[in-house]
Amino acid sequence: MCSTASSTPIDKLIYQRLDPFPQQQRDDSLGHLIKMLRFCGIFFGILLVLVVLSGIETRSQYRVDDELAAFRPIDAGEETNELAGNDIEQSGPPPHTEYAKMARYLVHKAEWVSMGSLSTVDAIKGYPMVNIIASADSARGAKSTGTLYFYLTMLDYTAQDLSKDNRLTVLLSMDQDLECSKNGIDPMEPTCARIMISGRAVRLEEGTDEFTFGKNAMFSRHPAAKHWLDTHNFFLCKLDIVQIAVLDYYGGPHYVTVEEYMKANPDTDGSEKAHPLLRLSQDAFAAPEVISNSDSERTITVKIKKDSPVRHINLEV
């Protein structure tokens with residue numbers, strides 16, 4: 001006979017066999033914890049990589065933006081104080097017979113020039129090369145000085161050319177602000193004044209009074225120039241003038257000496273006779289006088305004053 005005192009009910013025996021042992025429970029809990037830690041580590045690792053990549057992309061974009069900002073147009077409202085008074089106060093072009101004053105007028109009004117140099121590029125070495133260069137002879141609203149100041153950088157071919165041969169010629173036209181076109185004059189017409197100034201580019205020494213004056217003049221008219229210095233190593237130059245040719249009205253160019261040019265003052269009128277461009281805009285179209293108009297003969301007779309700047313009359317029937 002078997003003793004029942006030490007016997008275990010069958011149901012308890014089954015549950016005991018099914019329930020894990022305490023050591024196994026601890027091992028399973030530790031395994032779950034390790035899995036959770038691994039998962040968290042992988043998650044935070046991926047998150048960290050994404051943050052780092054995002055930071056690198058942002059910094060790269062900032063660098064690109066900084067480099068392009070030097071040549072990007074100023075947004076509306078930016079540097080409003082410096083752009084106030086954008087128009088250079090002028091009473092209009094001087095009489096076309098005052099050649100030195102016309103040259104000073106165009107230089108003072110211009111904010112850029114077409115600058116020609118002798119190319120150093122192998123394929124066209126020695127050929128004339130031209131470029132648009134921002135310029136200023138004074139700050140906005142200030143009096144004319146007649147000296148052209150401009151920035152150059154060795155990244156540009158103009159500075160590379162001038163570093164080998166600093167001779168240059170600049171061209172300035174009255175139509176750079178469309179003054180001729182708005183008055184119905186083609187920019188190539190002699191009545192649309194233009195000047196050609198030849199000389200040498202001279203780099204200004206930083207710290208001198210002239211350097212400060214030229215820098216302020218450029219910053220006043222070209223606020224973007226402040227960024228050029230930081231990103232592309234621009235340096236300030238001036239044009240040391242040798243010869244000035246003025247083409248203003250019919251009869252070919254007239255040559256002005258440097259002394260005559262520097263003595264001229266475009267801020268004073270000095271003559272009651274207006275430039276042909278002004279006469280054209282004021283009364284040229286009123287100058288032709290209709291003498292007779294016969295409907296029966298379908299004939300119109302027009303008389304033009306002898307000194308009228310009108311050169312052509314187009315009739316449509």
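The values are calculated or read from the model by the stated rules, or taken from the named source; none is laboratory data. Everything numeric here is computed off the predicted structure, so don't read it as measured data. Here the Cβ is made from the backbone with ideal geometry for all residues, glycine too, and neighbour counts use every protein chain on show. Each accessible area value is taken on the protein alone, full model and side chains, heavy atoms only, with ligands, DNA and RNA left out. Shrake-Rupley method; radii C 1.70, N 1.55, O 1.52, S 1.80 Å.
Points worth noting:
- Note: relative contact order over region 156-230, using C-alpha pairs below 8 Å and six or more positions apart, is 26 percent.
- Sulfur and carbon atoms: percent of accessible area, region 109-220 [1.4 Å]: 56
- Sparse-neighbourhood loop sites, chymotrypsin sites (Phe, Trp or Tyr not before Pro) in region 168-275 - DSSP loop, at most 13 other Cβ within 10 angstrom: TYR250
- Overall form of region 115-209 per C-alpha gyration tensor (a/c, 1.5; a/b vs b/c): oblate
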